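Nothing in this text is a laboratory measurement; each read-out follows from the coordinates by a stated rule. For clarity, every value in this text was computed on a predicted model and none was experimentally measured.
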Amino acid sequence: MKRALLLLPILAWALTTPAWAASNFKDVPHSRNLKADSTLAAVHQAPLMLVFTSPGCHFCATVKNEYLIPMLKDPAYKGKVVIRQVEVGSDTVLNGFDGKKLTEGEFAANLNVFMVPTVKVFDAKGREVAKGIVGLLTPDFYQGYLDMAIDEGSQNIRQDKAFAEDH
């Protein structure tokens, strides 16, 4: 009986641990529905971070494997940002921020994203709320660039304003 009582807290913890904590991310999830992804982020007043990639892009793999996948696994980022991937040039269909269907490639082209990796941060309305990150830049500082984009996006979401290009 004592043993069962000792195991009860462990069982309760295991049953209440969110699925994301036990997830074994092997890749950044592709966005299939930007409206749903941004709504999920909005629940926490957090931004939606999209990484634009292409197959065979070594720098894209580095950004995903060394920065974004560890962020997805890190509980400190839970509720702070929703991270998804969009493949530039892909014919895979997704639902846009307005709910309309378009391909990942069309979505990227509409945003003038042609270089990869590119990271952009959005609010629930589909507005960019932080300065984008184009390329890998300096690997030693890249995590800081991502964190600054998340923080800027979060601040602009709280103030309900889009990113202004003039700063």
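Reported to the nearest whole Å, the Cα centre-to-centre distance from the stretch 60-86 to the stretch 106-146 is 13.
Take every DSSP beta bridge whose two residues both sit in the stretch 26-158, then give the antiparallel share in percent to the nearest 5. Each step should come with its number before you reach the end.
Details: 11 of 19 bridges.
Once the DSSP bridges in the stretch 26-158 are tallied, antiparallel ones form about 60 percent.
The stretch 26-158 has equivalent-ellipsoid semi-axes of 19, 19, 13 Å, by the square roots of 5 times the alpha carbon gyration tensor eigenvalues, sorted largest first. Taking one quarter of the surface of the C-alpha convex hull of the stretch 55-114 gives a mean projected area of 5.0 nm².
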